[in-house]
Amino acid sequence: MSTTTPQTRSVIVEREIAHPPEKLWRALTQPHLIAEWLMRNDFVPSLGHRFKLHGDWGGVLDCEVLAIEPNRTLSYSWDLAHEEAAFSLKSVVTFTLSPTPKGTLLRMEQVGFRPDQKLAYGGARSGWPRFFDKLEELLAKAE
């Protein structure tokens, strides 16, 4: 007996950033730095740690660290429930850092968008490049 699940879509953003993986890793895992480029949070870089991301729009994401390999990979759940709009998103965000001659290739993949979640999918497609812009600004200031 086979079960079918609805196809989900992913958002992938890749950018080469002119900083070493170690510097980028700090920006991905230190709460005060995450707050500057992504959202306010209570993140701890520890497998299984549950934390919240607080969006400027008033939404709160429930997250859990799923994988962590220093300077290489960080993955966490990214769950949003919006009761008033009967909206929920259960997804996973994975950051992968690969050293390059010029710095680091940062790859972000967010998986789990259902076909009926066009608004959330569109928001992620437009939002992640803006988050990466803010991340690059933060790294440039920290030199």
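The values are calculated or read from the model by the stated rules, or taken from the named source; none is laboratory data. Every value quoted in this text rests on a predicted model; they were computed, and no experiment measured them. Ideal geometry is used to build each Cβ from the backbone, glycine not excepted, and the neighbour counts take in all protein chains shown.
What pairs come out if I take residues in the range 94-120 that are within 16 Å of Arg26 (Cβ to Cβ) and touching a residue at least 12 places away in the same chain (Cβ under 8 Å) and pair them with residues that are part of a loop (DSSP other than H, G, I, E, B) and of a type in the set (A, V, I, L, M, F, W, C) whose C-beta lies under 7 Å away, six or more apart or interchain?
Between residues of the range 94-120 that are within 16 Å of Arg26 (Cβ to Cβ) and touching a residue at least 12 places away in the same chain (Cβ under 8 Å) and residues that are part of a loop (DSSP other than H, G, I, E, B) and of a type in the set (A, V, I, L, M, F, W, C), the close pairs are Gly103/Ala18.
Check His82 against each of (1) closer than 20 Å to Leu61 by Cβ; (2) at pLDDT 95 or above and name the one condition it does not meet.
The failed condition is (2).
Look through the range 23-48, keep the residues that are in contact with a strand residue (DSSP E or B) (Cβ under 9 Å, 6 or more places away or on another chain) and more than 18 Å from Glu64 (Cα to Cα), and return whichever of them is surrounded by the most Cβ atoms within 10 Å (Cβ to Cβ).
In the first step, residues of the range 23-48 are kept if they are in contact with a strand residue (DSSP E or B) (Cβ under 9 Å, 6 or more places away or on another chain); the result is 23-25, 28-29, 31, 34-35, 38-48.
Now narrow it down to the ones that are more than 18 Å from Glu64 (Cα to Cα): 23-24.
Values: Lys23: 16, Leu24: 21.
Looking at residues that are in contact with a strand residue (DSSP E or B) (Cβ under 9 Å, 6 or more places away or on another chain) and more than 18 Å from Glu64 (Cα to Cα), I get Leu24.
Would you mind listing the strands (runs of 3 or more DSSP E) fully within the range 22-134 where at least 3 residues are over 21 Å from Thr8 (Cα atoms)? Can you show your working first?
Working: elements: 50-54, 60-69, 73-82, 87-100, 103-113.
By residue number, 50-54, 60-69, 87-100, 103-113.
Of all residues in the range 18-45, count the ones that are touching an Asp or Glu at 6+ places or on another chain (Cβ under 8 Å) and over 13 Å from Phe131 (Cα atoms).
Of the residues in the range 18-45, 1 are touching an Asp or Glu at 6+ places or on another chain (Cβ under 8 Å) and over 13 Å from Phe131 (Cα atoms).
Starting from residues that are among the aromatic types (Phe, Trp, Tyr) and out of contact with any helix residue (DSSP H, G or I) (no Cβ under 6 Å at 6 or more places or on another chain), keep the ones in the range 99-130 and report whichever is surrounded by the fewest Cβ atoms within 10 Å (Cβ to Cβ).
Looking only at the range 99-130, we keep the residues that are among the aromatic types (Phe, Trp, Tyr), and these are 113, 121, 128.
With out of contact with any helix residue (DSSP H, G or I) (no Cβ under 6 Å at 6 or more places or on another chain) added as a condition, the list becomes 121, 128.
On the way: Tyr121: 21, Trp128: 19.
Residue satisfying both the conditions and the ranking: Trp128.
When you scan the range 57-75, do you find a residue that is of a type in the set (Phe, Trp, Tyr) and touching a strand residue (DSSP E or B) at 6+ places or on another chain (Cβ under 7 Å), even just one? Before the answer, list the steps.
Initial filter on the range 57-75 (of a type in the set (Phe, Trp, Tyr)): 57.
Narrowing further to those that are touching a strand residue (DSSP E or B) at 6+ places or on another chain (Cβ under 7 Å): none.
No: the range 57-75 contains no residue that is of a type in the set (Phe, Trp, Tyr) and touching a strand residue (DSSP E or B) at 6+ places or on another chain (Cβ under 7 Å).
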